[in-house]
Amino acid sequence: MSGATTLSAGADARSITPDLSRDTVFLAGFEPDRPAQRVNDDLMVRTFAVRSGDGEPVVVSVCDLVGLTRIHGDKGRRVVACTHTHHGPDGLGFWGRPFEGVSGIDSDYLARVRATVEASQEAALASMEPATLVTGSVAVPELVCNLRNPQILDDEVSVIRFRRPDGSPIVTFVDFACHPEVFDPEGTDVTADFPGHMCRRVESDQGGVAVFAVGAIGGMQSPRTEVRTHDEAARFGDVLAEAVATAVDGGVGTATATVTFSRAEIGVTLQNPLYELGMEIGLVPSAERRGDEVVTEVSYLRIGPAGLAFVPGEIFPELGLGLKDAMRATGVTLPVVVGLADDEIGYIIPEQDFVAPEDYLDPGSSYEESFSAGPDVAPRVVAALETLIAPS
């Protein structure tokens, strides 16, 4: 990119671990009505901020939660994504006691999360300092499989590291397309699963703050394991931390880069009766409506040779790989897809593959469709991102 300038970066990490003595914690991601019994390891919000020259900074936070619904209004150049851990508090409302009309959301806890995210973002901005950039990637096919379509897989670990001029890390951003569900589906522990282990290992071995985000996890991109223990989640984290070191060692460094950011609102037709019912009876927060459409958003961050496409849900890997190709066509050498960013509208399924279940409560092979807003989500999300990605 022409006109590249010097970089500044900052980072922050702080706990959003619930207090089980006062918070009502229904664990999200597997079956509903799964109250948390103990905390195994901390849930975190991890944040990085970056800018080029004296330009406006961009701030990205990632929370160890299954997802968060969209906040309406102008968020400026700030993005909040989620790791999609299946052992954190319900941030969407589906995993309480739905047949009794009990939402899984603890509004007081979520208010504290939002406040902590804001504090983390302000701290990352306040800590910004001169930085250089390293980008790299490495494949780890031994960790992930696609349960819906085994022939399609995104097994790339993508790494963006911001370093001080002396080479010490400020922050390492890591993106990997795998559901954080190594730990026992019937377990009642609060845990960040393998992303938490990876971040702690990167921070202890390599320094700085580590920020983990999930990529195109729809489909289902799931852990390649039959062992469902905390030790196995730690092993996954160790393998990923080693992959991060390999990616950085073989990566490409630059002392200057241009940072740009763009965002677009889009409307999608809500065609899921469970979503409609959940909003009607107050289980899930009501979405912003424009006519018969629900409003969501996408965004795109370019940092020199890296491009980050932020997607408001669990996009299928074939669509994610297509977005990576679109980024490469513009000169991006490290294309990254970040899922569950600024919203969680469910699975984003290729329109031609969408088969609506006859019974949304018993969807069978159409499980992903039962947790999708509808068949027009994918073409609208992809088209909007392709517009943002294309050179102006």
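The values are calculated or read from the model by the stated rules, or taken from the named source; none is laboratory data. As the structure is a computational prediction, the values presented were derived from the model and not from experiment. All Cβ positions, glycine included, derive from the backbone under ideal geometry; neighbour counts span all protein chains shown.
Scanning the stretch 171-193 for residues that are charged (D, E, K, R), assigned to a strand (DSSP E or B) and over 19 Å from Ala124 (Cβ atoms) gives a single hit, Asp189.
Do the conditions hold for Ala216, that is, is it hydrophobic (A, V, I, L, M, F, W, C) and surrounded by fewer than 19 Cβ atoms within 10 Å (Cβ to Cβ)? So Ala216 does not fit the description; no.
Residues that are free of Cβ contacts under 8 Å to residues at least 12 places away in the same chain and within 19 Å of Cys63 (Cβ to Cβ) within the stretch 1-45 comprise just one, Asp19. Can you spot a residue in the stretch 333-341 that is surrounded by fewer than 23 Cβ atoms within 10 Å (Cβ to Cβ) and within 20 Å of the chain's Cα centre (by Cα)? Within the stretch 333-341, not a single residue is surrounded by fewer than 23 Cβ atoms within 10 Å (Cβ to Cβ) and within 20 Å of the chain's Cα centre (by Cα).
With in a loop (DSSP other than H, G, I, E, B), of a type outside the set (S, T, N, Q) and out of contact with any strand residue (DSSP E or B) (no Cβ under 8 Å at 6 or more places or on another chain) as the only criterion, which of Glu142, Glu118, Glu122 stands out? Exactly one residue qualifies, and that residue is Glu142. Return yes or no: is Ala373 under 17 Å from Glu297 (Cβ atoms), at pLDDT below 95 and surrounded by 15 or more Cβ atoms within 10 Å (Cβ to Cβ)? Yes, satisfied. Among the residues of the stretch 231-246, those that are touching a residue at least 40 places away in the same chain (Cβ under 8 Å) and either under 13 Å from Ala139 (Cα atoms) or not in a helix (DSSP H, G or I) (or both) comprise Val239, Leu240, Ala241, Ala243, Val244, Ala245, Thr246. In the set (1) of a type outside the set (Ser, Thr, Tyr); (2) farther than 22 Å from Asp155 by Cβ; (3) in contact with a strand residue (DSSP E or B) (Cβ under 9 Å, 6 or more places away or on another chain), Val284 fails one condition alone, (3). Exactly one residue out of Glu129, Glu122, Glu100 is more than 22 Å from the chain's Cα centre (by Cα) and without any contact (Cβ under 8 Å) to a residue 24 or more places away in the chain: that is Glu100. Go through Gly167, Gly196, Gly208, Gly218 for me and flag whichever is under 22 Å from Leu319 (Cα atoms) and of a type outside the set (Asp, Glu). Only one candidate passes the filter, namely Gly218. For Gly250, the criteria (1) buried (at least 19 other Cβ atoms within 10 Å of the Cβ); (2) over 17 Å from Cys199 (Cβ atoms) hold in every case but one, which is (1).
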